[in-house]
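Every number here is computed from the coordinates shown, using simple stated rules; none is lab data. Computed from a predicted structure; not experimentally measured. Because the Cβ atoms are built from the backbone with ideal geometry, glycine has one as well, and the counts that use them run over all protein chains shown.
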Protein chains: 2
Amino acid sequence: MTSFCLSVILTTARAALLTGRLPVRNGFYTTNAHARNAYTPQEIVGGISKDEILLPQMLKKKGYVSKIVGKWHLGHRPQYLPLENGFDEWFGAPNCHFGPYNSSIRPNIPVYNNSEMLGRYYEEFKINRKTGESNLTEIYLMEGLDFILRQTKARRPFFLYWAPDATHAPVYASKRFLGKSQRGRYGDAVMELDYSIGQILSWLQTLGIDNNTFVFFTSDNGAALISAPNEGGSNGPFLCGKQTTFEGGMREPAIAWWPGHIKEGTVSFQLANVMDLFTTSLALAGVSPPNDRTLDGLDLTPVLLNRSHTLQNRPIFYYRGNELMAVRLGQYKAHYWTWSNSWEEFKKGINFCPGQEIPDVTTHEQKEHTMQPIIFHLGRDPGEKFPISVLSKEYHDVLSRISPVVEQHKKTLVPGAPQLNMCDVAVMNWAPAGCEKLGKCLKVPKSEPWKCDWPH
Amino acid sequence: MTSFCLSVILTTARAALLTGRLPVRNGFYTTNAHARNAYTPQEIVGGISKDEILLPQMLKKKGYVSKIVGKWHLGHRPQYLPLENGFDEWFGAPNCHFGPYNSSIRPNIPVYNNSEMLGRYYEEFKINRKTGESNLTEIYLMEGLDFILRQTKARRPFFLYWAPDATHAPVYASKRFLGKSQRGRYGDAVMELDYSIGQILSWLQTLGIDNNTFVFFTSDNGAALISAPNEGGSNGPFLCGKQTTFEGGMREPAIAWWPGHIKEGTVSFQLANVMDLFTTSLALAGVSPPNDRTLDGLDLTPVLLNRSHTLQNRPIFYYRGNELMAVRLGQYKAHYWTWSNSWEEFKKGINFCPGQEIPDVTTHEQKEHTMQPIIFHLGRDPGEKFPISVLSKEYHDVLSRISPVVEQHKKTLVPGAPQLNMCDVAVMNWAPAGCEKLGKCLKVPKSEPWKCDWPH
């Protein structure tokens, strides 16, 4: 019996994690605006497709009880919510904690306990935009610990997907963490997150189930430099941040913890992504992965359990919408399209690469390099600052290895129906299930669907 | 009895470490060209002044035997060499391992064993510029281990200043490390350095003196981005690199190791600099610091030994030549002058901030901001990318705290005689002591001194 705690913090990464498949396959993308970022605000009509198989659905075959604590972000309309998609329990919200809103124009985001709302952000669930105080992370921690305790007592294998909203802007932390870090409010939020993960780990030890609980910690995107420095982090040496397909947007730290199975303090150079968590979790639970669809995730157990040092030289595909922006193979990354954001946005002061400017790379027009991709060696040049000369032997050697991989990928790709194309004010969280009991139902406006427009 | 191993890898930092004083006080600076970087090539006429007191001279009062292994860089003329300035032993070179040179125009740098040369770089001490192979770090390691062994056997307290040339460009590593890292030749050199430090630590353990040997590891400047990616590192989130007074040029990782005294795995937020090693080492050895001069180094022992969490809110002064470029106080840093390098140099492709550009900060003219310093909060903004608005209350509060500190510093500063102003081909390493025995003396050209010109 191996239980799981997975903790992550973009929509697309969440869908990828739970399905083991690229967003372009599972539907979490848009075809509206070429290479625009899409996400899941409450105007989005779509959500996770019934054709997709989610991790908790697979784990159920072996008796696992599954709970998500925190942000769902795979669609907020009733059919898309967690309990309709394999989870047994949910405490959290369907969308981001933006707000507070004027309820006649836009509802505040509801917080659910399982299939019914308990309140809304900024109303029953306080977030003080001025002081940055909110005990949300603390609430989410308690919900996680309680779930673990109940399953342990019942001797049931479990899957906890602990997905707190922190450190997303607007940044908040509980009172006892405010002002405590060396890094302003953002640092306080990181500190509380770090503390909370620590509490989960020691709870597993206290309950004596640390040796049979696999814990994986990671993030779903790089630091949002657009919010830095007050409400965003740093991506260290990596280029740009969240909302881009540069390393600062896509590369993440990750920690796997499983006392007695994974040797502490070891570092792996295996290239991995969140989709691997789907396949890896199934392997650990002894469940065969679905064989009627393409899975992008690999089983990482040989690497994690130290039976092998590396898996195959697997490619990583970097998408925006349905456009393949870049491909990584081994230490090399080839950019087929580049752009950070539009000149209009950039001139308004929205900058995903503050202080960074690489000619022909951090472009403000959507620039195609298909005939001659820009290639970086991420080992020597983790910051994507020194393109390899197209005249060099190295460039040609690398391209001749990457090109067939890209060709094969494009030839065999079957895109899913795009879920993030249509918007409608009528689908917003006006009257979530349970609102009647609380007297918190708002009037649903007339449906007027439009093609969503993405600024970035 | 506490012995010391100090390991560092710029001239000015080396002089500062060994004297506990700012370069502008100890003479390791130039007044020739406003705010230009100066260093110690073999044309330099000057060297460490006899008026300075060096760490090994102070430690001798308590019977310490001192050795420097590696690069000296405090002057290469006979009177400036290590054995004339308090060290009992030396194995290494007076200058950087640039080359190979045509000996009729410029001599290759000599490698000394104590007071006599043993050979020269690229001649007896091989460095293959093509393959990057050289066993210099290995030789320096052996010299260090041998010194430790001899002092341990003789039960003498010792001070080992282990200052390898690696990872300075041209980058080299020993054969067994070449091609072994994920980070090209630079990574191989780092790997060998890391391995070597490990060997020193386990040697101390093997000899049973780990509990009474204080080991400190740090670097004397940030990664040389000008040499990246093939021959230089990354400064993570920090701005620019070596040769600048931005954080990428000045901030360094540092590790203190002393089993039984310093708790392993602890992290300190104390602001410190290499000059503190002078004062700290004296405190550990029980030697009173010189009281006839200003010392900039603080005694870090309260922090290191965990008797106090922080020392006073001490300022850090960032100089170029005799110009005070910036001041750090707590989490704040105020820039009074900015410049990365000149437009001429920059247009030739010499870039100390590749991929980074902060308007008004990474300037290519020497820009004065004395009337309104540019201020960053390095906690929220470690990359110096978001200047604090001069209209904010925070700006005015910070400036009112920093201004009196700067005023006091300037008012009381007594600059030393600048050692890096004059150059002369006649002072180069044509005929170092010991060259006769080896038949390696070169003809000394006519003396033609000139005021040194610094490109950056």
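Based on Cβ point charges of +1 for Lys and Arg and -1 for Asp and Glu, what charge dipole magnitude is obtained for the protein assembly as shown about its Cα centre, in debye rounded to the nearest 20?
Using only the charged Cβ atoms, the result is roughly 820 debye.
Mind checking which lysines have their C-alpha under 20 Å from A:Lys180, skipping anything on the same chain fewer than 8 residues away?
A:Lys130
Determine the dipole magnitude for chain A: charges of +1 sit on the beta-carbon of Lys and Arg, -1 on that of Asp and Glu, nothing else is charged, the reference point is the Cα centre, and the result goes in debye to the nearest 20. The partial results should precede the final answer.
Working: 48 positive and 43 negative charges, 102 e Å.
In debye, rounded to 20, chain A gives about 480.
How much net charge surrounds B:Leu81 when only other residues with a Cβ under 13 Å from its Cβ are counted (Lys, Arg +1; Asp, Glu -1)?
Details: positive: B:Lys50, B:Lys71, B:Arg77; negative: B:Glu84, B:Asp88, B:Glu89, B:Glu116.
Neighbourhood net charge equals -1.
Going toward the positive end of the dipole of segment A:318-412, with +1 on Lys and Arg Cβ and -1 on Asp and Glu Cβ, which of A:Val398, A:Ile374, A:Phe386 do you reach last?
Going by the charge dipole, the pick is A:Val398.
So, counting K/R as plus one and D/E as minus one, what does the shell of residues with Cβ under 9 Å around B:Met428 add up to? The partial results should precede the final answer.
On the way: positive: B:Arg106; negative: B:Glu43, B:Asp424.
Net charge in that neighbourhood comes out at -1.
Within a 10 angstrom radius of each residue's Cβ in B:373-386, how many Cβ atoms of other chains show up on average? Whole number is fine. List each step's numbers first, then the result.
Numbers: counts 0, 0, 0, 1, 4, 3, 7, 13, 8, 7, 9, 1, 8, 5.
Shielding by partners across B:373-386 averages 5.
Going toward the positive end of the dipole of segment B:172-301, with +1 on Lys and Arg Cβ and -1 on Asp and Glu Cβ, which of B:Val267, B:Phe238, B:Asn291 do you reach last?
Sorting the options by dipole projection puts first B:Phe238.
Under the convention of a label 7 Å out along Cα→Cβ, give the distances in nm from B:Gln205 to the same position in every other copy, shortest first.
Ordered by distance, the counterparts are at 2.2 nm.
Give, in whole angstrom and from largest to smallest, the semi-axes √(5λ) of the equivalent ellipsoid of the protein assembly as shown, with λ running over the eigenvalues of the Cα gyration tensor.
On the way: eigenvalues 587, 168, 165 Å².
In descending order, the three semi-axes are 54, 29, 29 Å.
Residues with beta-carbon under 14 Å from that of B:Pro94, excluding B:Pro94: net charge, scoring Lys, Arg +1 and Asp, Glu -1?
On the way: positive: B:Arg14, B:Lys71, B:Arg77, B:Arg120; negative: B:Glu43, B:Glu84, B:Glu116, B:Asp165.
The answer is 0.
Listed here are the pairs A:Lys175/A:Lys440; A:Lys385/B:Lys242; A:Lys242/A:Lys367; which of them are more than 24 Å apart at the Cα? Could the numbers behind the result be given before it?
Values: A:Lys175/A:Lys440 28 Å; A:Lys385/B:Lys242 17 Å; A:Lys242/A:Lys367 19 Å.
From the list (A:Lys175/A:Lys440; A:Lys385/B:Lys242; A:Lys242/A:Lys367), the Cα-Cα distance tops 24 Å for A:Lys175/A:Lys440.
What percent of all Cα-Cα pairs in segment B:4-314 falls into each 10 Å bin, going from 0 up to the bin containing the maximum distance?
6, 27, 37, 25, 5, 0
Quick one, can you get me the convex hull of the C-alpha atoms of segment A:41-187 expressed as volume per residue in Å³? Walk me through the numbers on the way to the answer.
Details: hull volume 17.8 nm³, N = 147.
Per residue, the Cα convex hull of segment A:41-187 comes to 121 Å³.
Can you compute the helix-only [θ] at 222 nm over chain A? Use -39500 (n - 2.57) per DSSP H run of at least 4 residues, normalise by all residues, nearest 500 deg cm²/dmol. Write down the numbers at each step before the final one.
Working: 11 runs with 107 residues, N = 456.
Value at 222 nm, helices only: -7000 deg cm²/dmol.
Given just the C-alpha atoms of segment B:105-183, how large is their convex hull per residue in cubic angstrom?
Values: hull volume 10.6 nm³, N = 79.
Hull volume over Cα atoms, normalised by residue count, gives 134 Å³.
Could you tell me, in Å, what Rg and Dmax come out for the Cα atoms of segment A:318-412?
Final numbers for Rg and Dmax: 14.0, 42 Å.
With point charges of +1 on the Cβ of Lys and Arg and -1 on the Cβ of Asp and Glu, referenced to the Cα centre of segment B:318-412, which listed residue (B:Tyr336, B:His409, B:Gly321) lies farthest in the positive direction of the dipole?
Value: B:His409.
Which residues' amide hydrogens lie under 5 Å from the amide hydrogen of A:Tyr112, considering only partners 5 or more residues apart or on another chain, with H built in the peptide plane?
A:Gly92, A:Ala93, A:Leu118
List the lysines whose Cα lies under 18 Å from the Cα of A:Lys410, skipping any in the same chain that are fewer than 8 positions away.
Within the straight-line cut-off, A:Lys410 pairs with A:Lys333.
Tell me, what ³J(HN,Hα) does each residue in segment A:210-221 have, in order and in whole Hz, if you take phi through Karplus 6.51 cos²θ - 1.76 cosθ + 1.60 with θ = phi - 60° and put x for Gly and Pro?
5, 6, 10, 10, 8, 10, 10, 10, 7, 10, 9, 6
How far, in nm to one decimal, is B:Phe269 from itself in the other copies if the label point is set 7 angstrom along Cα toward Cβ? Shortest first, please.
The answer, with the shortest distance listed first, is 3.5 nm.
Put a label point 7 Å from Cα along the Cβ direction on A:Pro359, then list its distances to the equivalent points in the other copies in nm, shortest first.
Those label-point separations list as 2.1 nm.
Scan around A:Tyr319 for amide H atoms under 5 Å from its own, H built in the peptide plane at 1.01 Å from N, and keep only partners 5 or more places away or cross-chain.
A:Met325
Averaged over peptide B:348-361, how many Cβ atoms belonging to another chain are found within 10 Å of each residue's Cβ? Working shown, then result.
Values: counts 0, 0, 0, 1, 0, 2, 6, 14, 8, 3, 3, 1, 0, 1.
Average per residue, whole number: 3.
FRET efficiency for A:Arg150 and A:His396, Cβ-Cβ distance as r, R0 = 45 Å, nearest 0.05? Don't jump to the answer; show the numbers that get you there.
Details: r = 59 Å, r/R0 = 1.31.
Working from the Cβ atoms, E equals 0.15.
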